[in-house]
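Single-structure report; data block below.
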Amino acid sequence: MAAGSYTTSTAFLEALAEAGVRYIFANLGSDHPGLIEALAQANAGDRAADFPRIIVCPHETVALSAAHAYASVSRQPQAVFVHVDAGTQNLGGAVNNAMRGRVPVLIFAGAAPFTITGELPGGRNEFIHWIQDVPDQRGILRGYVKYDNEIRTGRNVKQLVHRALQIARSEPAGPVYLVGPREVMEEQVEPYAADPAEYPPVAPAALTAEVTQEIATALANASHPLIITSYLGRNPDAVPALVELAELLAIPVLESAAFHVNFPGDHPLHAGYQFTTSEQNPVLARADVILVVDSDVPWIHATSRPSPDAAIYDIDIDPLKASMSMWHIAARRFAAADSKVALEQIASFVRDNVLIDAGAVEVRRAVAMDASQARRAALDSLEQPEAGVITPRYLTGCVRELLAGTDALVLTEAITNYQVVAEHLRASRPGSLLGSGGGSLGWAGGGAIGAKLACPERAVVCLTGDGSFLFGVPSSAQWVARRYGTPALTIIYDNHGWAAPKFSTLQVHPDGAAAKADDFHVSFEPEVDLPGVARAAGGAYGATVSDPGELPGVLKDALAVVHGGRSAVVSVQLPPVLRILGPNEVGACRPAPTARPGTALRGVHLPAV
Ligand SMILES: Cc1ncc(C[n+]2csc(CCOP(=O)(O)OP(=O)(O)O)c2C)c(N)n1
Ligand SMILES: [Mg+2]
């Protein structure tokens, strides 16, 4: 701190640093002079290292997405600073992603000064201060954050920061929002301390003994038990607990709408992936006991559901999902517990009480292994270009080969190719795959920056749709990546438009006018030079590839560029959205799909968002 100047802003920044926040992803404005001055004074006084580092983000979507991915990788919340109501609104859907992804992040925005005739330092002195004075700035984010509050004085801002972070980090984790008017952020206060160790996140919850016994017994007595999970792998340490229980009783594990490695993709008990399919999943239909662990969408009731006789149990850090207006599964028991703790309890109970029928378990194991081998062989056979055109399956197979044996971190925002990416990447190392978990596109561009900051030693690879690439404000994201030395390889599943709304329409109106005329308003014509955007904004290496034979070499070169410290963006030309009926269907769009209402569209994996 510079002599004579210790303000609310100084204390705020100190508190963030003391709580372990290393980065502030910032988009600054007229509300931030107190913070900018405090940072500069720290710099001048050789104390910059005591404060978090500012990462200047020319767009707020990039800032919050970066903080989101950083926290997903490191489990350490970071901060995002934005400008009053305007910057808060520009966070846009990234707040949905942070909420649904259950990631902790502290968002701070200034608020318009409240004095207008010079009563206090920091009072209004710019025309914009009147314009930006809105009735309920905190209301902008209230449907998305776990906690919001106003900093009213510097004298307890440290306590406020630690309380906000404690709430953000406690499960289900999520974003929190603080606002601070200019006068308050300029307030001179005496330096003081507040110990963040007094604000730990709430300890993980366990199952009661009764519920442990009930679930363990049901699983052990089942003929066709099944475990379904979506986000257990948010905590990579929970994956071995799931593997152990699955192996103990030979229970197949189905990953549903999963954006993490919840169960190793190459494990013989892996029962596959499901996102939005229009067909009944036979594994789900056959199960007589189903344990759903950490899942928002274990199945899509309308198209693929369990048997009505199945005994269903639900363990989740957030089993009621009160933040969703409508949610239900017909479970016999809902239990709020940490998945790692709960699965360890169930496995211990099974073992301690010798509930294992060894003969039945071995039969089940053999059947599951055969099924996973057959599924893998079928998928492998699909990893071919079709008629000289790169398909998403072929592309993903090439990516898997490219990254084999490396500890790369893959970010997926592949949208209608989520299923293809999951199936062909077969990510197996816990913590090696990440998606936003939310419904707002444009996460991976900023996410790659945060991921790279969190694990600089790993290669970061984004698999993104072309639409999602553009949603991620690539001009901003690529510039930030260059400025702060966070190179990533971005591979664009470039189908020249938005396949998702087309597939949604086909599912609801398979014989409608839109289907007949291929009139969906989803194509990006004329073509966008997406690598060119990255080249111009961030000095990235750019390549466009349409020849299947050249693809492996192009990807290899691009990865080498990234290892050399420069970002690379490869647009992989897939069958364009105007011509496809569904992923991997290369033929012409007409005639329109022949499915009747209530029947499945051939081979169409419907969009996940
Ligand atoms: C911010 C935001 N805007 C719009 C949507 C609606 N939406 C869902 S998928 C999609 C298309 C995505 O295009 P792309 O990334 O190219 O993937 P593709 O559908 O082609 O596989 C759109 C517009 C959304 N989910 N989020
Ligand atoms: Mg697309």
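The values are calculated or read from the model by the stated rules, or taken from the named source; none is laboratory data. Small disclaimer: the values here were computed from a predicted structure and weren't measured. Glycine gets a Cβ as well: all are built from the backbone with ideal geometry, and neighbour counts include every protein chain shown. These area figures cover heavy atoms from the full protein model, side chains too; ligands, DNA and RNA do not enter into them. Shrake-Rupley method; radii C 1.70, N 1.55, O 1.52, S 1.80 Å.
Worth pointing out:
- Only one residue of PRO196, LEU284, ALA241 has its Cα farthest out toward the positive end of the dipole of segment 187-298, where Lys and Arg carry +1 and Asp and Glu -1 on Cβ, and that residue is LEU284.
- Candidate lysines - alpha carbon under 23 Å from LYS516, same-chain residues fewer than 8 apart omitted: LYS502
- Carbon + sulfur, % of accessible area of the chain - ligands and nucleic acids excluded, 1.4 Å: 55
- Spin-label zone in segment 16-33 - amide nitrogen under 19 Å from a point set 7 Å from the Cα of ARG483 along the C-beta vector: 22-33
- Per-pair calculated FRET efficiency, R0 = 51 Å: GLN280 and ALA536 via Cβ, rounded to 0.05: 0.60
- Segment 377-392 versus segment 361-376: alpha-carbon centroid distance in Å: 24
- Distance between the 7 Å Cα→Cβ label points at ASP288 and ASP380: 3.4 nm.
- Extension gain, ALA197 back to GLN213 (0.36 nm per residue minus Cα-Cα distance, nm): 2.2 nm
- Euclidean distance between Cα centres, segment 1-71 to segment 524-566, Å: 34
- Looking at the chain, the DSSP beta bridges with both ends there are about 5 percent antiparallel.
- What segment 156-280 shows is 33 Å² of accessible area per residue, with the surface traced by a 1.4 Å probe over protein heavy atoms.
- Averaged per residue, segment 342-454 has 37 square angstrom of accessible surface, using a 1.4 angstrom probe with ligands and nucleic acids left out.
- Protection proxy ranking of 463-469, 358-364 - average other beta-carbon atoms within 10 Å, highest first: 463-469, 358-364
- With the highest mean first, a sort of the peptides 520-533, 160-173 on other beta-carbon atoms found within 10 angstrom per residue produces 160-173, 520-533.
- Computed magnitude of the charge dipole of the chain (debye, nearest 20; Cβ of K, R +1, Cβ of D, E -1): 440
- With all protein chains kept in place, the per residue accessible area of segment 497-559 amounts to 47 square angstrom at a probe of 1.4 angstrom.
- Full-stretch length increase - VAL134, ALA40 - with 0.36 nm per residue and alpha-carbon distance subtracted: 30.9 nm
- Spacing of the modelled spin labels on ASP557 and THR303, each 7 Å from Cα toward Cβ, amounts to 3.9 nm.
- Estimated distance in nm for a label pair at ASP50 and ILE356, the labels positioned 7 Å out from Cα along Cα-to-Cβ: 5.7
- Of the residues LEU530, LEU165, ILE116, the one whose Cα sits farthest toward the positive end of the charge dipole of the chain, with +1 on the Cβ of Lys and Arg and -1 on the Cβ of Asp and Glu, is LEU530.
- Cα-based reach from LYS146 at 18 Å (exclusive), listing lysines while leaving out same-chain residues under 8 positions away: LYS321
- Pairwise FRET efficiency - VAL508 versus SER428, Cβ, R0 = 25 Å, nearest 0.05: 0.10
- Added length on full extension, which subtracts the Cα-Cα distance from 0.36 nm per residue, ASP318 to ASN221: 32.2 nm
- Using the Cβ-Cβ distance between GLU247 and ASP529 with R0 = 56 Å, the FRET efficiency computed as 1/(1 + (r/R0)^6) comes to roughly 0.70.
- Helical content of the chain, expressed as a calculated mean residue ellipticity at 222 nm, amounts to -11000 deg cm²/dmol (DSSP H runs of 4 or more residues, -39,500 (n - 2.57) each, divided by residue number, nearest 500).
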